[in-house]
C-alpha cells in the first residue's frame with residue numbers, strides 16, 4: 001500500500017538510533033523528506049539521506065532550534081515524530097528530585113516544546129500530523145522504571161489534549177505505545193538489559209529471553225515494527241485517526257484501549 005508520504009516533510013526527534021532511526025529510514029524509503037534531531041545525528045543522517053539537526057532536546061533552546069532548522073532545511077513541516085526519551089532501571093526510592101526533573105525535561109517537555117514550535121508550520125500543511133512515542137509503561141506502570149512510567153503516561157494525556165485542541169486546524173495527534181524493543185535502549189552496553197541483569201542477578205541474555213517470553217507473542221519487538229505504525233500515523237492514509245493511543249506491544253497490556 002502506498003502510504004502517500006512522498007515529499008512530505010517530517011522531523012523525527014531522537015532520530016539517530018533505535019525506533020527513531022528505523023522510523024526515519026522507513027519514511028525516507030516511502031519518499032518523505034526527513035530531518036533527524038539528536039545530540040549527534042550527523043553520521044546516521046548522512047547514511048540514510050536525512051537532514052541532521054544537532055540539538056539538546058532536554059532544553060527549551062534545543063527544541064526551538066531543532067524545529068527551526070528542520071523547517072529551514074525542508075522548506076516547511078508536515079509531520080512531527082516526538083521520539084526522544086530516557087529510561088533507567090531504579091526503585092521508586094532511588095529516584096531523587098533531580099532524576100524526576102531530568103526525566104520530565106526529556107520525556108515530556110521536549111514533546112511539549114517541539115509541538116509548540118511546530119504548530120505554526122503544521123497549520124500550513126494539508127496533511128499535518130504529530131506522533132508521540134509513549135510506552136506500554138504509560139498504560140501500565142513499570143515498578144522498575146518509576147519516572148519513565150509516569151512521564152510516558154503524561155504523553156498519553158498530552159497527545160489527547162493536542163488532538164482535541166488542534167483538530168479544527170486540521171492537525172492530527174496520536175500516540176504509539178511500544179513494548180520492549182530490540183533497540184539500543186535495551187541492547188547497548190549499560191542499557192536496560194544490563195541494568196536489569198545487575199539488579200536481578202541474571203545475565204543479560206537471560207534477561208532478554210525472559211522479557212521476550214513475557215509478551216503474548218513471545219518475543220521483543222524489532223524497531224522496524226514500531227516504525228511501521230508510526231509511519232502509518234504520519235501518513236495521509238490515517239487521515240481520520242486522531243487522539244488515539246496505538247499499542248504496538250505484542251499484546252503486553254491486556255486492555256481494550
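Evaluate the stretch 37-51: report whether one residue or more is closer than 15 Å to residue 117 by Cβ, surrounded by fewer than 24 Cβ atoms within 10 Å (Cβ to Cβ) and assigned by TED's automatic domain parsing to the domain that holds residue 99. Outline the logic, then answer.
Step one: filter the stretch 37-51 for residues closer than 15 Å to residue 117 by Cβ, giving 37.
Retained after the next criterion (residues that are surrounded by fewer than 24 Cβ atoms within 10 Å (Cβ to Cβ)): none.
No, because not a single residue in the stretch 37-51 is closer than 15 Å to residue 117 by Cβ, surrounded by fewer than 24 Cβ atoms within 10 Å (Cβ to Cβ) and assigned by TED's automatic domain parsing to the domain that holds residue 99.
Would you be able to tell me the number of residues in the stretch 164-175 that are surrounded by fewer than 20 Cβ atoms within 10 Å (Cβ to Cβ) and either within 17 Å of the chain's Cα centre (by Cα) or closer than 18 Å to residue 236 by Cα (or both)?
Initial filter on the stretch 164-175 (surrounded by fewer than 20 Cβ atoms within 10 Å (Cβ to Cβ)): 164-170.
Narrowing the set further to residues that are either within 17 Å of the chain's Cα centre (by Cα) or closer than 18 Å to residue 236 by Cα (or both) leaves 166-170.
Total satisfying the criteria: 5.
Rundown of residues vs (1) in contact with a helix residue (DSSP H, G or I) (Cβ under 6 Å, 6 or more places away or on another chain); (2) without any contact (Cβ under 8 Å) to a residue 40 or more places away in the chain; (3) within 23 Å of residue 233 (Cα to Cα), yes/no style:
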{"position": "29", "(1), (2), (3)": "no, yes, yes"}
{"position": "51", "(1), (2), (3)": "yes, yes, yes"}
{"position": "58", "(1), (2), (3)": "yes, no, no"}
{"position": "71", "(1), (2), (3)": "yes, no, yes"}
{"position": "77", "(1), (2), (3)": "yes, no, yes"}
{"position": "91", "(1), (2), (3)": "no, no, no"}
{"position": "103", "(1), (2), (3)": "yes, no, no"}
Condition first: surrounded by 19 or more Cβ atoms within 10 Å (Cβ to Cβ) and more than 18 Å from residue 7 (Cα to Cα). Can you find one or more residues in the stretch 120-128 that meet it? no
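Would it be correct to say that residue 34 is within 18 Å of residue 227 (Cβ to Cβ), surrounded by 16 or more Cβ atoms within 10 Å (Cβ to Cβ) and either within 14 Å of the chain's Cα centre (by Cα) or without any contact (Cβ under 8 Å) to a residue 12 or more places away in the chain (or both)? Steps first, please.
On the way: within 18 Å of residue 227 (Cβ to Cβ): yes; surrounded by 16 or more Cβ atoms within 10 Å (Cβ to Cβ): yes; either within 14 Å of the chain's Cα centre (by Cα) or without any contact (Cβ under 8 Å) to a residue 12 or more places away in the chain (or both): no.
When the stated conditions are applied, residue 34 does not pass them.
Before we move on, is residue 199 at pLDDT below 95 and either buried (at least 19 other Cβ atoms within 10 Å of the Cβ) or part of a helix (DSSP H, G or I) (or both)? Write out each step before concluding.
Details: at pLDDT below 95: yes; either buried (at least 19 other Cβ atoms within 10 Å of the Cβ) or part of a helix (DSSP H, G or I) (or both): yes.
Taking the combined requirement at face value, the residue satisfies it.
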Quick count over the stretch 153-195, residues being touching a strand residue (DSSP E or B) at 6+ places or on another chain (Cβ under 8 Å), assigned to a helix (DSSP H, G or I) and within 20 Å of residue 227 (Cα to Cα), is 3
What are the residues in the stretch 151-182 that are without any contact (Cβ under 8 Å) to a residue 40 or more places away in the chain and over 15 Å from residue 249 (Cβ atoms), if any? 157, 161, 165, 168
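Within the stretch 236-246, work out how many residues are in contact (Cβ under 8 Å) with a residue 40 or more places away in the chain, in a loop (DSSP other than H, G, I, E, B) and out of contact with any helix residue (DSSP H, G or I) (no Cβ under 9 Å at 6 or more places or on another chain).
Kept after step one, since they are in contact (Cβ under 8 Å) with a residue 40 or more places away in the chain, are these residues of the stretch 236-246: 236-239, 241-246.
Those left that are additionally in a loop (DSSP other than H, G, I, E, B): 239, 241-244.
Narrowing the set further to residues that are out of contact with any helix residue (DSSP H, G or I) (no Cβ under 9 Å at 6 or more places or on another chain) leaves 239.
Count: 1.
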What is the one condition in (1) in contact with a helix residue (DSSP H, G or I) (Cβ under 8 Å, 6 or more places away or on another chain); (2) part of a helix (DSSP H, G or I); (3) buried (at least 17 other Cβ atoms within 10 Å of the Cβ) that residue 224 does not satisfy? (3)
Within the stretch 125-137, of all residues that are free of Cβ contacts under 8 Å to residues at least 60 places away in the same chain and not in a loop (DSSP other than H, G, I, E, B), the one nearest to residue 245 (Cα to Cα) is 132
Considering only the stretch 6-15, I want to know if a residue exists there that is assigned to a helix (DSSP H, G or I) and farther than 18 Å from residue 132 by Cα. no
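Could you identify the single residue in 135, 157 that is under 22 Å from residue 95 (Cβ atoms) and surrounded by fewer than 19 Cβ atoms within 10 Å (Cβ to Cβ)?
Values: 135 fails: surrounded by fewer than 19 Cβ atoms within 10 Å (Cβ to Cβ).
The unique qualifying residue is 157.
The values are calculated or read from the model by the stated rules, or taken from the named source; none is laboratory data. What you are looking at is a predicted structure, and each value in this text was computed from that prediction instead of being measured. Virtual Cβ from ideal backbone geometry, glycine too; neighbours counted across all protein chains shown.
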